[in-house]
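Here's the structure we're looking at; comments come further down.
The values are calculated or read from the model by the stated rules, or taken from the named source; none is laboratory data. Fair warning: this is a prediction, and the values are worked out from it, not measured in the lab. Note that we place each Cβ from the backbone using ideal geometry, even for glycine, and neighbour counts take in every protein chain shown.
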Amino acid sequence: MNKKKIKVYFVLPTLFAGGAERVITFISQNISKEIFTVKLIVIGFEKDSKFNTNDITTIYLNKNKVSESIIPLYKVLKKESPDIVLSSISHLNSFMGYMSMFFKDTKFIGRQATINKVARKHKAQKNKISSIIQSKIFDYGTTKLDCIICQSIDMKTDFLESYNYDEKKIRVINNPLTDTDKIKTIKNKNSIKKLITVGRLSKIKGQLRLLDILSKLEYPFQFTIIGSGSYEQKLYDKIKEHNLEDKVNHIKYTDKVLEELIKHDMFLQGSYSEGFPNALLESCSVGVPVIAFNAPGGTKEIIDNGINGYIVENEEDYISKLKEDRIWDPQIVKDTVYKKFNSKKILKEYENLFMEVIKK
């Protein structure tokens, strides 16, 4: 007799271009079809999707906000009766924590995506009393989840400091490498240095301080910035302030990130905090080394200092590493991350977690 498959439903606010969206669409489509029956529920609209989900059934609720999806999402879960529901991104996780109270036979898992303390520090302040009330409501919902996935050890530590939550119900699972076929060729030493960064344009991602640093370089370079966000105009203003118009290229969006990375010599990360930096991981996966600030999050779990890049403490150290005339071996850079974050390893960790949660 065939063993009953475990029904796992993944829930996302949208399928916009982002790290959480990329990871969840990959995990949902690649875990074992022999063990799991999988569906993906998206709060938003199919027209906004930047990811291919042809390998699994995808349900679009066609709502603009998570708060507008309460009734339709409840109806879907009530009808489908999944064994496990996994959500990602903090405000949705809190929402799903409240939803879990109505589904006693379903296990609800939240995938944490940020370092709370740093994210809240860089978030625009609203009315203080209103913010406190919202925070309390948000926190309570999060603590009702049956399990939390943190992307890094720093994230787990931050989560335990932020929430009254049982440490035994937290699992650290890094993000997987989803494309490992590409690799950079060794750079021509005499060519212009090509630098790149990828990420949402925001204060926490630190693109502005990268431009401050690059303005102090005396050698010729080209810097590519891939991403969009609320800091777009601030980015342009900073480029103009430092007269870097001829040295900086901004790409708002591309679905060919790996191809862009391969064209460059060094990935620059300016972030003040990272949950688990997917773009940095992808850069190493194609043999392009990294310079990053020592910031909370998964960066320290990816970078082997001096082997696939550098972690620096301040702007002076950053400039010093940028001035190095070193030729990196792309295969060594690639190998350092492949052994730790290959998709087979990470998928197995998710599968083991799902089976463990069901047994409990």
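Quick look at the values:
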item	result
Extreme residue, farthest from ILE27 (Cα to Cα), among residues of segment 69-94 that are out of contact with any strand residue (DSSP E or B) (no Cβ under 8 Å at 6 or more places or on another chain) and not small (Gly, Ala, Ser)	ILE71
Qualifying residues in segment 191-201 (those that are buried (at least 20 other Cβ atoms within 10 Å of the Cβ) and in contact (Cβ under 8 Å) with a residue 40 or more places away in the chain) - the one nearest to GLU232 (Cα to Cα)	GLY199
Pairs with Cβ under 7 Å, 6+ apart, first in segment 241-253 and surrounded by 13 or more Cβ atoms within 10 Å (Cβ to Cβ), second part of a loop (DSSP other than H, G, I, E, B) and not acidic (Asp, Glu)	HIS242/SER215; LEU244/SER215
Scan of segment 64-87 for residues that are touching a residue at least 40 places away in the same chain (Cβ under 8 Å), hydroxyl-bearing (Ser, Thr, Tyr) and surrounded by 21 or more Cβ atoms within 10 Å (Cβ to Cβ), ordered by number	SER87
Strands (runs of 3 or more DSSP E) lying entirely in segment 1-114 (those with 3 or more residues that are of a type in the set (A, V, I, L, M) and at positive phi)	none
Residues within segment 158-185 that are surrounded by 15 or more Cβ atoms within 10 Å (Cβ to Cβ) and within 21 Å of PHE108 (Cα to Cα), tallied	12
Matching residues in segment 256-278 - criterion: being of a type in the set (Gly, Ala, Ser) and out of contact with any helix residue (DSSP H, G or I) (no Cβ under 7 Å at 6 or more places or on another chain)	SER271
Conditions (1) assigned by TED's automatic domain parsing to the domain that holds SER88; (2) closer than 23 Å to LYS263 by Cβ: number failed by SER162	(2)
Looking only at segment 305-360, and only at residues there that are of a type in the set (Ser, Thr, Tyr) and within 24 Å of GLN269 (Cα to Cα), the one that is surrounded by the fewest Cβ atoms within 10 Å (Cβ to Cβ)	SER320
Close pairs from segment 42-56: first closer than 21 Å to THR254 by Cβ, partner acidic (Asp, Glu), Cβ under 7 Å, at least 6 apart	LYS50/ASP255; PHE51/GLU21
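Results for (1) closer than 24 Å to LEU177 by Cβ; (2) at pLDDT 95 or above, shown as yes or no for each residue.
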residue: ILE302; (1), (2): yes, yes
residue: ASP317; (1), (2): no, yes
residue: SER320; (1), (2): no, yes
residue: ASP325; (1), (2): no, no
residue: GLN331; (1), (2): yes, yes
